[in-house]
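Coordinate-derived values only; no laboratory data. This is a predicted model, so every value here is computed, not measured. Quick reminder, even Gly has a Cβ in these numbers, built from the backbone with ideal geometry, and neighbours come from all protein chains shown.
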Ligand code: GAR
């Protein structure tokens with residue numbers, strides 16, 4: 001029998017998407033979350049506790065580990081097949097993107113191509129959506145390419161923006177969509193590439 005597809009998840013913050021992905025694949029025989037990495041220290045990122053509760057230690061890495069290729073080497077040595085970005089806020093070096101082309105996905109908390117690009121992450125996105133008077137927002141899953149937030153869109157789900165929404169209200173609504181749809185979109189992409 002073939003071995004399971006091995007995922008690495010990279011994140012920078014609370015790790016709620018990481019936890020939802022880990023839960024989704026926990027009972028899956030064909031896919032396993034083999035590595036979770038975070039560029040922030042445990043005192044600034046809730047992800048360490050979340051993954052520990054699910055039985056996997058988050059590995060801390062630094063910007064220079066990413067930029068100088070050591071993280072890529074770690075993932076290659078760990079036989080990682082796919083890289084999943086889940087609230088990862090650093091720019092991916094070209095060599096890293098090339099190594100996982102067609103096997104690296106990102107999630108964005110808005111309907112790209114609107115509200116994407118440098119500086120558009122987390123709560124900044126929801127603030128901008130509300131300030132622009134948008135009636136609809138949502139989440140986007142896209143392939144990672146060297147151009148920030150510009151890789152091909154794989155899946156989008158939308159939700160209403162209400163007139164009295166705070167950025168936090170909208171963030172909560174979008175997060176629900178992310179937790180529901182990111183894991184199954186990852187599964188569908190792996191299935192279609194491996195078919
Ligand atoms: C998610 O909403 C994700 O879409 C966003 O960061 C949040 C991470 O939450 N990503 C970006 O803004 C990327 N530009 P989490 O750590 O609880 O999964």
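I want the antiparallel fraction of DSSP beta bridges within the chain, as a percent rounded to 5.
Looking only at bridges with both residues in the chain, the antiparallel portion is about 40 percent.
Counting only helical runs of four or more DSSP H residues, what would the 222 nm mean residue ellipticity of the chain come to if each run contributes -39,500 (n - 2.57) and the total is spread over all its residues?
-11500 deg cm²/dmol
Give me the log10 of I(q) over I(0) for region 125-195 at q = 0.17 Å⁻¹, as the Debye formula computes it from C-alpha points; what are the numbers?
Listed by q, the Debye log ratios stand at -0.70.
For region 1-157, would you read off the P(r) tail past 22 Å as a percentage of all alpha carbon pairs?
Beyond 22 Å sits 42 percent of the P(r) for region 1-157.
At a threshold of 8 angstrom on Cα-Cα distance, excluding pairs fewer than six apart, so keeping six or more, what relative contact order does region 99-145 reach in percent?
Once normalised by length, the contact order is 59 percent.
Given the peptides 168-180, 10-22, 91-103, 53-65, arrange them by the average over their residues of other C-beta atoms within 10 Å, most packed first.
Ranking, from highest mean packing down: 10-22, 168-180, 91-103, 53-65.
Multiply the residue separation of residue 195 and residue 70 by 0.36 nm, subtract the distance between their alpha-carbon atoms, and state the gained length in nm to one decimal.
41.9 nm
Provide the FRET efficiency to the nearest 0.05 for the residue 162-residue 89 pair, computing r from the beta carbons and using R0 = 22 Å.
According to the calculation, E is roughly 0.20.
Rounded, prolate or oblate: which one fits region 18-102, using the alpha carbon gyration tensor with axes a ≥ b ≥ c (rounded when a/c is under 1.5, else prolate when a/b beats b/c, else oblate)?
oblate
Between region 78-130 and region 140-188, what is the C-alpha centre distance in whole Å?
Measuring centre to centre over Cα atoms gives 11 Å.
I need 182, 121 ordered by Cβ neighbour count within 10 Å, fewest first.
Lowest count first: 121, 182.
Only Cα pairs under 8 Å and at least 6 apart count here; give the relative contact order of the chain as a rounded whole percent.
19 percent
Quick one: Cα convex hull volume of region 69-160, Å³ per residue?
Spelled out: Cα convex hull of region 69-160, divided by residues, is 89 Å³.
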